[in-house]
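Below is one structure, written out as structure tokens; comments come after it.
The values are calculated or read from the model by the stated rules, or taken from the named source; none is laboratory data. The structure presented is a predicted model; accordingly, all values stated were derived computationally and were not measured. All Cβ positions, even for glycine, are placed from backbone atoms using ideal geometry, and neighbour counts span all protein chains on display. In case anyone asks, the SASA skips ligands and DNA or RNA and just uses the protein heavy atoms, side chains included. Shrake-Rupley method; radii C 1.70, N 1.55, O 1.52, S 1.80 Å.
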Amino acid sequence: MAKKVQLGNTDLHVNPIGLGTNAVGGHNLYPNLDEAAGKDLVRTGIENGLNFLDTAFGYGMGRSEELIGEVLKETRKRNEVILATKGSQKKVNDKFVHDNSPANLRHTVEQSLKRLQTDYIDLFYIHFPDESTPKDEAVGALKELKDEGKIRAVGVSNFSMEQLQEANKDGYVDVIQGHYNLINRDAENDYFPYTIENKISFIPYYPFASGILAGKYTKETTFDDFRRGMPHLQGEEFENTLAKVEKLRNIAESKNTEVPHVVLAWYLASKAIDVVIPGAKRSGQVLNNLKALDVELSPAEVQEISGIFS
Ligand code: NAP
């Protein structure tokens, strides 16, 4: 069983390999998702030592949360799991918009609690900023929910650095979740100096850059889901990254391991990162990603991987 790590300054302790669940009930992102396979991969993860689940209202507009709630009830593992979810949406004229007002955030948390069939959420994030709510006011509402015991830690996601600083005026932000991976490394300069200094845990999303860094795609791979339009998964950029992934494969093979494991280990070697949340479609992928815990990279290997993608 993996040694648990403290998430930032919180009292949450997690296995550093968590699970991103946008493919569990995220029908708006992936067509033809099999819900039974989604539940199975969550169950497999928690039965094999994974204890950090990342979901959101936006994954299937509540469906991902419902399926996870069912698994936690069926397995009776709620108290062994650190459960993170996100919300900020509100329906206006049949369309979802983001609303960070204290009233909407409180309502959103209450609805998530019902779908997840629990009376507390370990980590609740504002999923996306809105345009008008002062960010310290929005986070102040989450602090109140924390004081009431409805959530245990305060997160924000997709906030710019300026929005994060405003949100953290009173020091209430525990975690920020943002886009970061080997091929999109802006956060190293933009966020990490601030998050490290303020003991805010940075949780990177898209750790496999939507799959390409897991090492199994070829030039012929095509996509029929929300990845279809992604610029880095087509044309020259796609081929350039595939060539870099081959260099990673050499490093992985020299260590008797696989590409996804060295990629995840590389993130965990960063001072800014406590935990990663790779997504998965099948339980085999979840089990496979847990093997990253056995991989230790030397400082020279960390540098080498960094250099391949610099
Ligand atoms: P990702 O983790 O970069 O890539 C996941 C994909 O990689 C899987 O769907 C699978 O794709 C492939 N994969 C995973 N493990 C593998 C393995 N061991 N071997 C081979 N392939 C493997 O992308 P993501 O799932 O979109 O992002 C991760 C999580 O971040 C999400 O689930 C979600 O919780 C969170 N997220 C948050 C935000 C936000 O706004 N806060 C935005 C995006 C994502 P295939 O099987 O299809 O090839």
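Among the candidates 114, 135, 199, the residue that is of a type in the set (D, E, K, R), open to solvent by 20 Å² or more (accessible area, probe 1.4 Å) and either within 16 Å of the ligand (Cβ to nearest atom) or touching a residue at least 12 places away in the same chain (Cβ under 8 Å) (or both) is uniquely 199. Only one of the listed residues (104, 32, 100, 93) is out of contact with any Phe, Trp or Tyr (no Cβ under 6 Å at 6 or more places or on another chain), within 14 Å of the ligand (Cβ to nearest atom) and over 20 Å from residue 18 (Cβ atoms). That residue is 32. Looking across 171, 155, 178, one residue alone is under 30 Å from residue 301 (Cβ atoms) and small (Gly, Ala, Ser). It is 178. Taken over segment 24-44, the criterion of being open to solvent by less than 10 Å² (accessible area, probe 1.4 Å) and either over 16 Å from residue 116 (Cβ atoms) or touching a Ser or Thr at 6+ places or on another chain (Cβ under 7 Å) (or both) is satisfied by 24, 25, 26, 41, 42. Scanning segment 8-29 for residues that are within 15 Å of the ligand (Cβ to nearest atom), under 16 Å from the mean Cα position of the chain (by Cα), in a loop (DSSP other than H, G, I, E, B) and at negative phi returns 16, 18, 21, 22, 23, 24, 26, 29. Within the set 82, 121, the sole residue that is touching a residue at least 40 places away in the same chain (Cβ under 8 Å) and aliphatic (A, V, I, L, M) turns out to be 82. Within segment 87-103, can you find the residues that are within 21 Å of the chain's Cα centre (by Cα) and polar (S, T, N, Q)? 88, 89, 100, listed by residue number. Residues that are in contact with a helix residue (DSSP H, G or I) (Cβ under 7 Å, 6 or more places away or on another chain) and not in a helix (DSSP H, G or I) within segment 154-163 comprise 154, 156, 159, listed in sequence order.
Listed by first and then second residue, the pairs linking a residue in segment 271-292 that is closer than 12 Å to residue 22 by Cα to a residue that is aliphatic (A, V, I, L, M), with Cβ atoms under 6 Å apart and 6 or more places separating them unless they lie on different chains, are 279/23; 280/41; 280/286; 281/23. May I ask you to verify whether residue 309 is farther than 23 Å from residue 203 by Cα and out of contact with any Cys (no Cβ under 9 Å at 6 or more places or on another chain)? So residue 309 fails the test. The listed residues are 171, 140, 155, 149, and the only one of them that is within 16 Å of the ligand (Cβ to nearest atom) and of a type in the set (Gly, Ala, Ser) turns out to be 155. In the condition set (1) open to solvent by 20 Å² or more (accessible area, probe 1.4 Å); (2) in a helix (DSSP H, G or I); (3) within 20 Å of residue 282 (Cα to Cα), residue 71 is compliant with all but (1). Counting just the residues of segment 45-54 that are outside any loop (DSSP other than H, G, I, E, B) and not hydrophobic (A, V, I, L, M, F, W, C), which one comes out most open to solvent (accessible area, probe 1.4 Å)? That would be 47. Has segment 55-64 got at least one residue that is within 21 Å of residue 267 (Cα to Cα), within 16 Å of the ligand (Cβ to nearest atom) and assigned to a strand (DSSP E or B)? Looking for residues that are within 21 Å of residue 267 (Cα to Cα), within 16 Å of the ligand (Cβ to nearest atom) and assigned to a strand (DSSP E or B), one finds none in segment 55-64, hence no. Taking segment 188-208 as the range and being of a type in the set (Val, Ile, Thr) and in a helix (DSSP H, G or I) as the test, the residues that pass are 195, 196.
For the structure I just gave you, tell me whether residue 218 is more than 8 Å from the ligand (Cβ to nearest atom) and farther than 26 Å from residue 178 by Cβ. Answer is yes for this residue. Mind checking whether some residue in segment 223-243 is in a loop (DSSP other than H, G, I, E, B), at pLDDT 95 or above and among the acidic types (Asp, Glu)? Within segment 223-243, not a single residue is in a loop (DSSP other than H, G, I, E, B), at pLDDT 95 or above and among the acidic types (Asp, Glu). Take the conditions more than 10 Å from the ligand (Cβ to nearest atom), open to solvent by less than 30 Å² (accessible area, probe 1.4 Å) and closer than 26 Å to residue 59 by Cα and apply them to residue 178. Does it pass? Here the answer is no, as residue 178 does not meet what is asked. Annotation: of all residues in segment 221-241 being over 18 Å from the mean Cα position of the chain (by Cα), open to solvent by 20 Å² or more (accessible area, probe 1.4 Å) and hydrophobic (A, V, I, L, M, F, W, C), the one that is nearest to the ligand (Cβ to nearest atom) is 223.
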